[in-house]
Amino acid sequence: MPASGCSEINWMNFRSKWRRACYDAFSDLPGSLPRRRSRWESRPMNQPAQAVEAPISTRAYVIFGITAMTLMMMAINGFIVAVAFPTIKQQFSTNLSLVGWVFTGFFLCSTVVLPLAGKLSDGFGRKRIYMLSVGLFTVASLGCGLAPNVYVLIAFRMLQGVAGGAVQLSATGMVSDVFGSRRQTALGLFSSIYPIGAILGPNVGGVLIEHFSWRAIFFVNLPLGVAVLILGAMLLPYSKPEPRTAKIDFVGAVTYGAAVFLFLLALTDLSNHIDAYRTPLFWGYLLVASVLMVLFVRQERRVADPMVDLQVLKGRPFLSLNMYSFVYGVTVFAVIAFLPMNAQLTYQMSPSISGFVLTPRALTMIVASTAGAFLLSRTGYRMPLIVGVLFGSLATFLLSLGIHEPTILGFHVSNLITLSFIMGISGFGNGMVLPSMTNAGLDLAPGKVASTTALINLFSNTGNIVGTAVIILVMSQFEDEGVGLRVMLLVMSGLVLCSIPLAFMFPDLGRRRRVPATPVTAGSAAE
């Protein structure tokens, strides 16, 4: 048989299997028709026919499509800016410490809003919060693209962070509502959008910057945002707000956000002037930030419905897990934003190529996180947490060496292949850690799923923000920023190993219980 005929048959078989898999995944939705039996299947004797549930509108699939478009926009936006870091700095002729706020400002606002977004969507209706957030994100994208200076860009990026945090949970809530008993399958497909964004974001961003302008990476959100607003206004249903028994903890969100903001201001001041530690302003920032953090802790302990439930931190195991999350955020998550910059400064790669080198990282992260999620019941949590850290440390160390076109076994290896290989190691380690860290938290506090997830995210995101600011602080002290970045990569490769002892401070319950783990997609790091 000709090769083309074999390819056609293989494609038909794949298409048939894909249709059946998709049909099975959604066949149990409320109102969906029972799956048709093939001619090779027969119903066992004496098996009663299952009752058909009350039908629901096909609008459920429309809602999934609209919200998936939004999530894709957010996922791409989360990765696309990293490629533009050197270009934005050069365009505005500004220093590194100010451009760093384009990252830290976005992450700070997103971290503050994320724990409140679910409560806001419950109290005011999911569609209202969703539409308001998408509109705000679209306007903020326009403002970023038109920004005349770096200060305006930072302000609109922070606005993007507020909107992005609210969109994520309100969209997830709508999908969960309409898919009923099959919400697990729908949300699993929903979360798979993040890895796609991790692949598309840097590649699309690199092409836009190289052939158009860095402003294009923000303008690309406009048509998608407008389309979502129009479709959402016509097709998304209103949900009835749920009565609240306690007030939303805005005070806790403001005190936490202000404390981290002032701490970042102190680091920015130090980046601009290394002797800033001698000034009263520097110590004033740190003093007020410390006071606000104490007030935040007191606020969370006394309110009925806190931003994050700090009560679960009383036990040493869960505290150790969150400290692991913080250290990992400082050393690994913070480095991600500088990987395209490292490719451009150290290897003189173009924006499009520097965006492409992140693709192997996203792919290996998907593979490792998917496989790791199903192997946790055999391996437990501790082994993947340790192995993932070792892989991450190795990758960061190799990046710090600045290896140029090595010769291995007599073969000349290009910089692109070298970086892609190192990125693959980094992604594999990250994929090992993510499902283990999340499921370990759920196992240590099984009755407080929302609280444990919020705390782990808070610690890792705070570590991400602090790590990014510290890397920028050190880079600013070097005349050659590429050398400063490699120095920090070397430091981070050693610092991440400090998380290994923390992995021994909480019980390895996953292996002991032999319970299948909850899969966590690679997109969870975006978060």
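The values are calculated or read from the model by the stated rules, or taken from the named source; none is laboratory data. Remember, it's a predicted structure, so these values are computed and weren't measured experimentally. Every residue, glycine among them, receives a Cβ derived from its backbone with ideal geometry; neighbour counts consider all protein chains shown.
Of all the numbered requirements in (1) in a helix (DSSP H, G or I); (2) surrounded by fewer than 23 Cβ atoms within 10 Å (Cβ to Cβ), Glu479 misses one, and that requirement is (1). Among the residues of segment 48-75, the ones that are under 14 Å from Pro202 (Cα atoms) and at pLDDT 80 or above come to 3 in all.
For segment 76-105, the candidate set comprises residues that are assigned to a helix (DSSP H, G or I) and more than 19 Å from Gly145 (Cβ to Cβ); within that set, the residue that is modelled with the highest pLDDT is Thr104. Residues in segment 126-165 that are outside any helix (DSSP H, G or I) and surrounded by fewer than 19 Cβ atoms within 10 Å (Cβ to Cβ): Pro148, Asn149.
Just a yes or no: is a residue in segment 323-331 of a type in the set (Phe, Trp, Tyr) and surrounded by fewer than 18 Cβ atoms within 10 Å (Cβ to Cβ)? The answer is no, given that none of the residues of segment 323-331 is of a type in the set (Phe, Trp, Tyr) and surrounded by fewer than 18 Cβ atoms within 10 Å (Cβ to Cβ). Is it the case that some residue within segment 264-275 is assigned to a helix (DSSP H, G or I) and over 21 Å from Val474 (Cα atoms)? Scanning segment 264-275 turns up no residue that is assigned to a helix (DSSP H, G or I) and over 21 Å from Val474 (Cα atoms). Figure legend. Inter-residue proximity from segment 136-164: first residues assigned by TED's automatic domain parsing to the domain that holds Phe92 and aliphatic (A, V, I, L, M), second residues at pLDDT below 90 and not in a helix (DSSP H, G or I), beta-carbon distance below 6 Å, spacing 6+ or different chains. Indicated pairs: Val150/Thr94.
Check whether at least one residue in segment 277-285 is outside the structural domain of Ser170 (by TED's automatic domain parsing) and either closer than 19 Å to Cys109 by Cβ or surrounded by 15 or more Cβ atoms within 10 Å (Cβ to Cβ) (or both), and report yes or no. Among the residues of segment 277-285, at least one is outside the structural domain of Ser170 (by TED's automatic domain parsing) and either closer than 19 Å to Cys109 by Cβ or surrounded by 15 or more Cβ atoms within 10 Å (Cβ to Cβ) (or both), which makes the answer yes. Within segment 350-366, identify whether any single residue is farther than 13 Å from Ile422 by Cα, surrounded by fewer than 24 Cβ atoms within 10 Å (Cβ to Cβ) and in contact with a His (Cβ under 9 Å, 6 or more places away or on another chain), and answer yes or no. Yes; the residues of segment 350-366 include at least one that is farther than 13 Å from Ile422 by Cα, surrounded by fewer than 24 Cβ atoms within 10 Å (Cβ to Cβ) and in contact with a His (Cβ under 9 Å, 6 or more places away or on another chain). Of everything in segment 375-427 that is small (Gly, Ala, Ser), more than 23 Å from the chain's Cα centre (by Cα) and not in a loop (DSSP other than H, G, I, E, B), the residue that is surrounded by the most Cβ atoms within 10 Å (Cβ to Cβ) is Ser400.
Given the criteria crowded, with 18+ Cβ neighbours inside 10 Å and closer than 23 Å to Gly329 by Cα, does Ala440 qualify? Yes.
Residue-by-condition table, conditions (1) at pLDDT 80 or above; (2) farther than 26 Å from Thr111 by Cβ; (3) out of contact with any helix residue (DSSP H, G or I) (no Cβ under 6 Å at 6 or more places or on another chain); (4) charged (D, E, K, R):
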| residue | (1), (2), (3), (4) |
| --- | --- |
| Val387 | yes, yes, no, no |
| Ile425 | yes, yes, no, no |
| Ala454 | no, no, no, no |
| Ser460 | yes, no, no, no |
| Ile465 | yes, no, no, no |
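Against the test of being in a helix (DSSP H, G or I), assigned by TED's automatic domain parsing to the domain that holds Asn221 and modelled with pLDDT of 85 or more, the options Leu116, Leu108 yield a single qualifying residue, Leu108.
State whether one or more residues within segment 303-322 are assigned by TED's automatic domain parsing to the domain that holds Met475, modelled with pLDDT of 85 or more and either surrounded by fewer than 22 Cβ atoms within 10 Å (Cβ to Cβ) or in a helix (DSSP H, G or I) (or both). Within segment 303-322 (the criterion being assigned by TED's automatic domain parsing to the domain that holds Met475, modelled with pLDDT of 85 or more and either surrounded by fewer than 22 Cβ atoms within 10 Å (Cβ to Cβ) or in a helix (DSSP H, G or I) (or both)), the answer is no, since none of the residues qualifies.
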